[in-house]
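Report on one structure; see the data block that follows.
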């Protein structure tokens with residue numbers, strides 16, 4: 001049984017009240033929500049049975065749900081489900097991270113009224129879990145299969161993350177559409193990323209060439225971070241900004257090119273999900 005943990009102590013302390021503490025408790029919550037949904041909408045009973053009700057554990061339900069999202073004639077759901085199950089069994093941290101991601105959505109997104117809706121319908125969550133599986137394959141030397149999964153996720157979910165990228169837990173990819181993350185990027189724990197964000201390179205250079213996003217960072221809608229730059233812990237990048245240089249911890253940056261326009265005093269921007277900016281002069 002996977003016990004849920006959060007990387008940052010201050011985050012853990014702020015989230016414990018009312019949060020499921022292990023995989024079994026979370027799955028039971030999801031099953032109860034699914035039973036209520038099935039009772040209220042008969043048309044969804046078959047779907048809810050496939051994704052939740054027939055399964056005894058979180059990993060089983062998640063694997064089949066993910067498989068159905070990407071299935072095609074040459075790679076049926078049964079084979080994708082097997083890939084997901086083998087990866088989750090090979091690295092239980094994948095399951096623990098998925099649970100932390102789901103809890104992050106529930107605690108940060110006011111539109112997430114329960115755990116069931118993001119589990120079933122949030123494509124940012126689905127893309128991230130497929131990435132975790134693909135990253136496991138990448139590290140296991142199965143790079144062609146990892147690239148295949150990356151391509152399918154990009155085609156189906158409009159999220160393009162290179163399978164080499166290490167991503168922490170408790171990560172919230174909100175909406176997900178248009179997210180691009182390059183090969184040598186790193187994303188830490190408890191990060192929130194909105195749509196149309198790019199963590200990219202600056203040209204044709206090789207080697208370590210993509211951004212490093214540290215714990216607690218908020219990347220607002222449309223932010224572009226280019227090159228081997230570091231976004232420091234608990235920093236915020238404003239919507240539509242273009243970041244070309246390192247951002248210090250707890251700094252708020254905005255503009256094209258981005259510059260420091262404020263500081264977060266003790267708060268964690270990824271948890272606050274506040275995309276507003278202080279008044280500043282261009």
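The values are calculated or read from the model by the stated rules, or taken from the named source; none is laboratory data. Everything numeric here is computed off the predicted structure, so don't read it as measured data. Cβ atoms come from the backbone with ideal geometry, glycine included; neighbour counts cover every protein chain shown.
Here the range 170-184 is the region considered, the condition is being assigned to a loop (DSSP other than H, G, I, E, B) and within 18 Å of residue 151 (Cβ to Cβ), and the residue that is modelled with the lowest pLDDT is 176.
Does residue 51 meet the test of being farther than 26 Å from residue 96 by Cβ and surrounded by 15 or more Cβ atoms within 10 Å (Cβ to Cβ)? Step through it out loud before you land on a result.
Working: farther than 26 Å from residue 96 by Cβ: no; surrounded by 15 or more Cβ atoms within 10 Å (Cβ to Cβ): yes.
The answer is no for residue 51.
Which one is modelled with the highest pLDDT, of the residues in the range 192-207 that are assigned to a loop (DSSP other than H, G, I, E, B) and touching a strand residue (DSSP E or B) at 6+ places or on another chain (Cβ under 6 Å)? Lay out the reasoning, then the answer.
Looking only at the range 192-207, we keep the residues that are assigned to a loop (DSSP other than H, G, I, E, B), and these are 194-197, 201-207.
Narrowing further to those that are touching a strand residue (DSSP E or B) at 6+ places or on another chain (Cβ under 6 Å): 197, 202.
Values: 197: 99, 202: 93.
Ranking the qualifying residues of the range 192-207, first place goes to 197.
Can you list the helices (runs of 4 or more DSSP H) found entirely within the range 1-89 that contain at least 2 residues being modelled with pLDDT of 95 or more?
Numbers: elements: 9-15, 23-40, 45-48, 58-70.
Here the list reads 23-40, 45-48, 58-70.
Regarding residue 171, is this residue under 14 Å from the mean Cα position of the chain (by Cα) and free of Cβ contacts under 8 Å to residues at least 24 places away in the same chain? No, not satisfied. If you go through the range 223-245 and keep only what is outside any loop (DSSP other than H, G, I, E, B) and closer than 28 Å to residue 204 by Cβ, you end up with 224, 225, 226, 230, 231, 237, 242, 243.
Consider the range 246-282 and keep the residues that are in a loop (DSSP other than H, G, I, E, B) and in contact with a helix residue (DSSP H, G or I) (Cβ under 7 Å, 6 or more places away or on another chain). The one that is nearest to residue 175 (Cα to Cα) is 273.
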